[in-house]
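Beneath this line is the structure, given in structure tokens, with notes to follow.
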Amino acid sequence: MEELLDILKGLKPGVDFENEKNLIDDRILDSLDVMNLTVELNDEFDIEITPLDILPENFQSIEAMYALITRLQED
Amino acid sequence: MDKSNNLNNRLKEISKIVIFLLICVVLLNCLSPIFLPKNNNKRSGIKYENARGFYGEKAHSIEVLAIGNSDLYSAMNPLQLWNNHGITAYVSGEPSQNIFSAYYLLKEVYKNQRPEVVILEVDELFSKGDADDLDEVINNVLKYNFPLFEYHSRWKSMSHKDFKNLKVKYKDRMISKGYIYHNNIQSHPTGYKYMKENRSSALSVTTQLYLDKFMQLASDHQTKVLLVWYPSATTATLKRHQTIEKVANRYQIPFIDFNTDQYNTGFNWMTDTRDGGNHLNYSGATKMTKYIGQYLKDNYTLNDYRHDPHYEQWNKDYEMFMKKNKLAY
Amino acid sequence: MVYTSYVYLVLFLGMTFLLYTIFPKKYKWTVLLAASYIYYMAASRIWLIVFILLTSLSAYLGAIWIDKINELFTSVKKLMDRQQKKEFKEKILWQKKMVIVLMLLINVGTLVFLKYFNFFADVLNITLFNQLHMEIPMLKLFLPLGISFYTLQAVSYVIDVYRGKYKADYHFGRVSLYLTFFPTIVEGPITRYDQVAYQLYEGHEFNYVNLTQGCQLILWGMFKKIVIADRANMLVNYVFNDYMKFSGLSVVIAIIFYTIQLYTEFSGAMDIVRGSAQIFSVELPENFKQPFFSKSINEFWQKWHITLGAWLRDYVFYSVSLSGAFKKFNHFVKNHCNEYFSKLLPATTALFFVWICNGLWHGASMKYVMYGMYYYILMVIGMFMEPVFHKILEALHIQKEKTYFKFFQILRTVFIVNIGMLIFRADTLSAAYHMFISCFQNFHLDLSVIAHLGLSVADVSIILIGTLVVFIMSLIKEKGIHIRESISKWNIVPRWSFYLTSLFVVIIFGAYGRGYDIVSFIYAQF
């Protein structure tokens, strides 16, 4: 979780990632951010996020992203 | 219980749709007279006034009526027929006319004329296909029943008079009787080579249907139909000639095709076309009309009205036409 | 058989609806499929149907093939240990990839050949073969109707099966109907299999609300297309076809009118298309969401031609940015460049492919490539300069949340989009350049020039009033109000008066019939 937060903060400084629950719907993260983030996460956590996983609900909040990462790691 | 309720609902919905459509029809009927041009000229909103001058002629005075597209009004000069034979003819030609609008135009003609002979210029029978033809059918049916569809753009030029006085008075005469005069020359040097070209030569089903309606309408009014194809280097082919030949046989009517036979008219593609083969000029029209006049005289019982005082106006129109175009007479 | 013609609206749609209604539920889909093929043959050359059949068949079989490979894997998976599984998985993946490549070769290959052969041959002739004294001959090629749209749909279907989003469909009729459904075949929206295929296949009973709301949507589309767009077309053609003659405000007006034309015409077409589908209780995706209220070009492209943007995102952008090669490239950048660059470079590289595809998709010419590049470059500049903009705003004490700043952002986007439209419409790139420069020559703020641009004052007034109506409707929609639904709650007298007035406004003020040309849909040529 800490690691994820660091990545997010590096990507978009100044966003309150701990409390934002609608990152996609509120247009805080656009498709480019999500893509950058995906590449970074794949690298950092040694997982493989596929286009199928790139859904709004998987990136709305830090918790959702964390859940995605743990799910893929278990695969 | 539920089922009958459902059925009730369905009936209610369908009747709502029907009532809505009926209101539309009523409104179309109410609005159309307002938009209808009040006279048969361009100023009043008629797009092709040349084709609609027959309204202004005396009732039942036209004996030969020709109907067709731009090829026709470039190739047939009624006043020449008048001067040579005393035949009263009118040319109802419109640019890119099709058989569907021709049919409804003929219906209009019968409102105040009873021609002996109707000449149908067959160039307009070759269409793009049934999908486009069906579109044109609906278009023409709507325009004929609700003139609003034809004249809707008149909102730009309408005045309060259009709302107050809904009576139409179609009184304007066309001096040229529908012929459109051009005397420039732009040759078509390759002559009759176009007859060998490969163009689709079948008539669409929709066209055949309306051709049949057209024939029926004419025979209902005891009018004889004559098929003519004036020289047209951009559309005519040998195969198409054969198609029309078959049509003529089916209805047992004559067919004159100036593309396959020159009938000793002396027609010349070098001097007789104004736009490189698409339309004829005055010289071409004179040659065509000379032949057609003799043909009409020989094959139909048409009167010579030249010395009839009731037709004095035709002599005046002839003079005016020749003067206006600076032609010797 | 264009969507605004009588034969489509009255005869074709009417007959199809009647047949659809009386057919038994189980076979209703056959009416839609038959109608789609009849539409295709009537609107195009009959023999071109071969291409759409080829695409349907290859997508259908390709998806099933991939499915079979997947099934094989799951059935033997349990019998293997971890190492074996991994090896086998890789083999399977390679097989699946081969199927995809084959499928893309057939479909995208056909599209590329028919649409772009002459363009690429021309480019090669100029750049390379000129020196070698060789020449690739130009071919006279037919473009099957809707090929740019149904090819994308076929590709999305097979790739989704490949990615495991859903399983292959063993029902050829359903796949075929999804690819050929007549309202969407000419100019989209580019639908997805999981969005519409089952909606199309299952039979819907007669639904009064959908029928009437569908008709209303068609009427609204007709208003935009024949009252506004076809009228604006005359002015636009008048200036663009003879652009050397005009300068200053005349050119500016022509550009703005073209933007109005393209928007009202394309979004109007989409309304007719979506209305046609709604009559059969089929909901198609939106292609436009009030794009001219966007505050950035990025946002604009999420609201303009949405289904194309989404397609490019899902099947170009993600495919590129999540590919193995790209991963390596990303690593390389990260190790060799500073943080600022390494953060932006991968995204901008992937975006490059998106915008090249976007440009080329619209047409095989340098002009459309530049059209794509224009937006690409602006977006890249926006991304790289973001910190700088941020500082400027801070220095000027401008708060991003203030209304005036948002207003400025919207105006800026509209301005940028209009320049894009200029590139899009101008005959050539140099014509676009010439027109852009001439905007600033002889510029007088004298609105009377509008009377000399091929349209009467009455016509211009109709366009402006019509545009105002579209603007107001967009404002209401932007507020989240479903217009047709709110009207349906009115009393019958005002409600029907409203419908009848709208209908007669279209009949009377439509730019159709004698004196107006029939304007075919711009997007139908892509």
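The values are calculated or read from the model by the stated rules, or taken from the named source; none is laboratory data. Just so you know, these numbers come straight off a predicted model, no measurement behind them. Glycine also receives a Cβ, built like all others from the backbone with ideal geometry; neighbour counts cover every protein chain displayed.
Side notes on the structure shown:
- Only one of C:F288, C:F280 that is more than 14 Å from chain A (Cβ to nearest Cβ) and within 21 Å of the chain's Cα centre (by Cα): C:F288
- Of the residues making up segment A:18-33, those that are more than 9 Å from chain C (Cβ to nearest Cβ) and surrounded by 19 or more Cβ atoms within 10 Å (Cβ to Cβ) number 3.
- Residue list for segment B:264-296, restricted to those being of a type in the set (D, E) and either at pLDDT 95 or above or surrounded by 23 or more Cβ atoms within 10 Å (Cβ to Cβ) (or both): B:D272
- Which listed residue, of C:L453, C:L378, C:L445, is surrounded by 13 or more Cβ atoms within 10 Å (Cβ to Cβ) and under 26 Å from C:R231 (Cα atoms): C:L453
- Residue count for segment C:431-468, restricted to those that are in a helix (DSSP H, G or I) and either assigned by TED's automatic domain parsing to the domain that holds C:H362 or touching a residue at least 12 places away in the same chain (Cβ under 8 Å) (or both): 16
- Every residue from segment B:34-64 that is surrounded by fewer than 16 Cβ atoms within 10 Å (Cβ to Cβ) and out of contact with any Asp or Glu (no Cβ under 6 Å at 6 or more places or on another chain): B:R43, B:K58, B:A59, B:H60
- Of B:L106, B:L72, B:L81, B:L28, all but one fail to be assigned to a helix (DSSP H, G or I) and within 14 Å of chain C (Cβ to nearest Cβ); the exception is B:L28.
- Candidates B:V91, B:V117, filtered to the one that is surrounded by fewer than 23 Cβ atoms within 10 Å (Cβ to Cβ) and farther than 17 Å from B:N140 by Cα: B:V117
Yes/no matrix, rows are residues, columns are (1) surrounded by fewer than 14 Cβ atoms within 10 Å (Cβ to Cβ); (2) more than 14 Å from chain C (Cβ to nearest Cβ):
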site	(1), (2)
A:D16	yes, yes
A:E40	no, no
A:F45	no, no
A:S61	no, yes
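- Just one residue in the set C:W29, C:W47 is in contact with a Phe, Trp or Tyr (Cβ under 8 Å, 6 or more places away or on another chain), assigned by TED's automatic domain parsing to the domain that holds C:L11 and of a type in the set (F, W, Y); that residue is C:W29.
- Helices (runs of 4 or more DSSP H) contained in segment A:28-75 and holding at least 1 residues farther than 28 Å from C:S296 by Cβ: A:31-45, A:62-74
- Residue, nearest to the other protein chains (Cβ to nearest Cβ), within segment C:1-53, restricted to residues that are part of a loop (DSSP other than H, G, I, E, B) and of a type in the set (A, V, I, L, M, F, W, C): C:M1
- Selection from segment C:288-308 of residues that are touching a residue at least 24 places away in the same chain (Cβ under 8 Å), part of a helix (DSSP H, G or I) and not aliphatic (A, V, I, L, M): C:P291, C:F292, C:F293, C:N298, C:E299, C:F300, C:W301, C:T307
- Single residue of C:L105, C:L93, C:L114 found to be modelled with pLDDT of 80 or more, assigned to a helix (DSSP H, G or I) and either more than 22 Å from C:W47 (Cα to Cα) or over 35 Å from the mean Cα position of the chain (by Cα) (or both): C:L93
- Meets criteria (in a loop (DSSP other than H, G, I, E, B), farther than 22 Å from B:D123 by Cα, within 14 Å of chain C (Cβ to nearest Cβ) and in contact with a helix residue (DSSP H, G or I) (Cβ under 9 Å, 6 or more places away or on another chain)) for B:M158: yes
- Leading residue by the ranking (surrounded by the fewest Cβ atoms within 10 Å (Cβ to Cβ)) among those in segment B:120-140 that are of a type in the set (V, I, T) and within 9 Å of chain C (Cβ to nearest Cβ): B:I138
- Every residue from segment C:177-196 that is surrounded by 23 or more Cβ atoms within 10 Å (Cβ to Cβ), assigned to a helix (DSSP H, G or I) and away from chain B (no Cβ under 14 Å): C:L177, C:Y178, C:L179, C:T180, C:P183, C:T184, C:I185, C:Y193
- Cβ-Cβ under 8 Å pairs, at least 6 apart or on other chains, segment C:310-324 side at the interface with another protein chain (Cβ under 7 Å from one of its Cβ atoms), far side outside any helix (DSSP H, G or I) and at pLDDT below 90: C:Y318/A:I54; C:L322/A:I49; C:L322/A:T50
- In segment C:152-206, the residues that are of a type in the set (S, T, Y) and under 30 Å from C:G14 (Cβ atoms): C:S176, C:Y178, C:T180, C:T184, C:T191, C:Y193, C:Y198, C:Y201
- Set side by side, the residues C:A277, C:A232 differ, and just one is in a helix (DSSP H, G or I), out of contact with any Leu (no Cβ under 6 Å at 6 or more places or on another chain) and surrounded by 20 or more Cβ atoms within 10 Å (Cβ to Cβ), which is C:A232.
- Residue in segment B:193-204 that is in a helix (DSSP H, G or I), away from chain C (no Cβ under 14 Å) and surrounded by 14 or more Cβ atoms within 10 Å (Cβ to Cβ) present: yes
- Within segment B:277-294, tally of residues that are under 15 Å from B:I180 (Cα atoms) and part of a loop (DSSP other than H, G, I, E, B): 3
- Residue list for segment C:13-46, filter: closer than 13 Å to C:A277 by Cα and hydroxyl-bearing (S, T, Y): C:T16, C:Y20, C:S36
- Scanning segment C:265-286 for residues that are touching an Asp or Glu at 6+ places or on another chain (Cβ under 9 Å) and either of a type in the set (S, T, N, Q) or closer than 29 Å to C:V239 by Cα (or both) gives C:E265, C:F266, C:A269, C:M270, C:S281.
- Filtered residues of segment A:27-45 (kept if within 18 Å of C:F329 (Cβ to Cβ) and of a type outside the set (V, I, T)): A:L32, A:M35, A:N36, A:L37, A:E40, A:L41, A:N42, A:D43, A:E44
- All conditions in (1) touching a helix residue (DSSP H, G or I) at 6+ places or on another chain (Cβ under 7 Å); (2) in a helix (DSSP H, G or I); (3) of a type in the set (D, E, K, R) hold for B:D304, with the sole exception of (2).
- Pick from segment C:456-483, criterion surrounded by fewer than 18 Cβ atoms within 10 Å (Cβ to Cβ) and within 14 Å of chain B (Cβ to nearest Cβ), ranking: nearest to the chain's Cα centre (by Cα): C:I465
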